[in-house]
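Colleague: Here you go, one structure.
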Amino acid sequence: MLTCAALLLTAFSLPQAQLDVIPKPNQIELREGSWAPAGNFGVRFDRRLEGDATELCEWLSERFGHPVGLVPEDSKIRLDGEVYLDVSDEGGVAESYSLDISEGHVKLIGADVAGAFYGIETLKQCVAQEGKAAFPFCRIEDAPRFSWRGLHLDVGRHIYAADDVKKLLDWMAVHKLNTFHWHLTEDQGWRIEIKKYPKLTSVGAYREASPPYGERLGSDETRYGGFYTQEEVKAIVAYAAALHITVVPEIDMPGHMAAAIAAYPELGNTDIEGYAPKVYSLWGVKPYTLAPKEATFEWVDNVLEEVCALFPAEYIHIGGDEAPKTQWKNSHFAQSVM
């Protein structure tokens, strides 16, 4: 009995070898040993993966401290060690991949181009474990549990520079997220250039002040704002596409429209008492909503026409949340429409 107890204690005290990969793949078979390439080493790739293979070459060169060759799969160039990137012609679960690492050879096969990309992200994490850079001997099979894996960024209250948005996209790719929900309009600021309506950004993108952190009803008395030009939007959408991320923009309506109505007051319920729209300097749900006028619907069509031209996503998000009905109830015109 004492012998059994000693064996159990020994088993629990031994460190368990593991691969720290986020998100955790479906199946990991970790084998003993690893491989650090040197000399005639390169990345052999299916031509559909040329861009991803080029980026991986640069990453591996920096990680291992020596040049890594880039070789198309139909090339006769012989390598002493290689990472082989391929896309299965048999298909499989969308965005899935298999990764096998043995002495002198890494084989990564994606069910599609996106799957190969996610396999590369896993491979990078395998190499970047603690200690000296090396390929750990293992086999990994992985497929997404969810087809829509999203992250939301609200730039209506606080805007982030275009380069910072790209950094966020980089981290989304590391975590294999594939949908970026970009909340671009708010009561506190309109953040996307619409060429047909320049006041949306010249007026609607700026508020007089913001609440200091921890003081929801306070004011820092500092003008705040900014917006993304259409060229910046195009660059971010293209950057995301290279990371297999779809950008879904949100133009929130009919509520959360105070900034737009401040820019174009005729969009609101102008016949209510005390009508004085502004870009709000406090958080919370605000009363200004779009009025049900034909001119408003035309404005919506024109705005969304420009938005759709910028974003190739299947979906455009139009909000629909937190639209107080107070102004509609107090508007004779809105009541006549109802």
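Colleague: Anything in segment 210-219 that is over 22 Å from P277 (Cβ atoms) and open to solvent by 70 Å² or more (accessible area, probe 1.4 Å)? List them, or say none.
Modeller: Y213, G214, E215
Each row is one residue, and each column tells you yes or no for (1) among the charged types (D, E, K, R); (2) modelled with pLDDT of 95 or more; (3) under 19 Å from H158 (Cα atoms).
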| site | (1), (2), (3) |
| --- | --- |
| V233 | no, yes, yes |
| I251 | no, yes, yes |
| A258 | no, yes, yes |
| E273 | yes, yes, no |
| V307 | no, yes, no |
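Colleague: (1) crowded, with 18+ Cβ neighbours inside 10 Å; (2) in contact with a Pro (Cβ under 7 Å, 6 or more places away or on another chain): which one isn't true of I251, the others all being true?
Modeller: (2)
Colleague: What pairs come out if I take residues in segment 246-264 that are farther than 30 Å from D170 by Cα and pair them with residues that are surrounded by fewer than 22 Cβ atoms within 10 Å (Cβ to Cβ) and small (G, A, S) whose C-beta lies under 6 Å away, six or more apart or interchain?
Modeller: Within 6 Å, the pairs are P254/A323; G255/A323.
Colleague: Could you list, in sequence order, the residues of segment 245-284 that are in a loop (DSSP other than H, G, I, E, B) and polar (S, T, N, Q)?
Modeller: Selection gives N269, T270, S281.
Colleague: Does A313 satisfy the criteria of being free of Cβ contacts under 8 Å to residues at least 12 places away in the same chain and closer than 21 Å to G156 by Cα?
Modeller: no
Colleague: Give segment 145-163 a look and list any residue that's over 20 Å from T246 (Cβ atoms) and either touching a residue at least 12 places away in the same chain (Cβ under 8 Å) or of a type outside the set (A, V, I, L, M) (or both), or say none.
Modeller: The answer is G156, R157, H158, I159, D163.
Colleague: Checking the conditions here, which among A241, A258, A276 is out of contact with any Ser or Thr (no Cβ under 8 Å at 6 or more places or on another chain), within 30 Å of V113 (Cα to Cα) and small (G, A, S)?
Modeller: A241
Colleague: Going through segment 308-338 one residue at a time, which ones are part of a loop (DSSP other than H, G, I, E, B), open to solvent by less than 40 Å² (accessible area, probe 1.4 Å) and closer than 30 Å to V237 by Cα? Lay out the reasoning, then the answer.
Modeller: Just the residues of segment 308-338 that are part of a loop (DSSP other than H, G, I, E, B), to begin with: 311-316, 320-325, 331, 338.
Narrowing further to those that are open to solvent by less than 40 Å² (accessible area, probe 1.4 Å): 311, 313, 323-324, 331.
Within segment 308-338, F311, A313, A323 meet the criteria.
Colleague: What are the pairs with Cβ atoms under 9 angstrom where one residue, in segment 70-92, is at positive phi and the other, located anywhere, is open to solvent by 40 Å² or more (accessible area, probe 1.4 Å) and among the acidic types (D, E)? Sequence gap at least six, or different chains.
Modeller: G91/D112; G92/D112
Colleague: Among the residues that make up segment 298-307, is at least one of them among the polar types (S, T, N, Q), closer than 15 Å to I192 by Cα and open to solvent by 20 Å² or more (accessible area, probe 1.4 Å)?
Modeller: Looking for residues that are among the polar types (S, T, N, Q), closer than 15 Å to I192 by Cα and open to solvent by 20 Å² or more (accessible area, probe 1.4 Å), one finds at least one in segment 298-307, hence yes.
Colleague: So, one more: So which of L217, L168 is over 24 Å from the mean Cα position of the chain (by Cα) and of a type in the set (A, V, I, L, M, F, W, C)? Quick ask: steps written out before the conclusion?
Modeller: Numbers: L168 fails: over 24 Å from the mean Cα position of the chain (by Cα).
Result of the check over L217, L168: L217.
Colleague: Restricting attention to segment 268-286, report how many residues are touching a residue at least 12 places away in the same chain (Cβ under 8 Å) and either farther than 30 Å from G214 by Cβ or open to solvent by 50 Å² or more (accessible area, probe 1.4 Å) (or both).
Modeller: Of the residues in segment 268-286, 10 are touching a residue at least 12 places away in the same chain (Cβ under 8 Å) and either farther than 30 Å from G214 by Cβ or open to solvent by 50 Å² or more (accessible area, probe 1.4 Å) (or both).
The values are calculated or read from the model by the stated rules, or taken from the named source; none is laboratory data. Only a predicted model underlies this, so the values are computations on that prediction, with no experimental measurement involved. Positions of Cβ are generated from backbone atoms using ideal geometry, with glycine treated the same way; all protein chains shown enter the neighbour counts. Quick note on the areas: whole protein, heavy atoms, side chains included, nothing else; ligands and nucleic acids left out. Shrake-Rupley method; radii C 1.70, N 1.55, O 1.52, S 1.80 Å.
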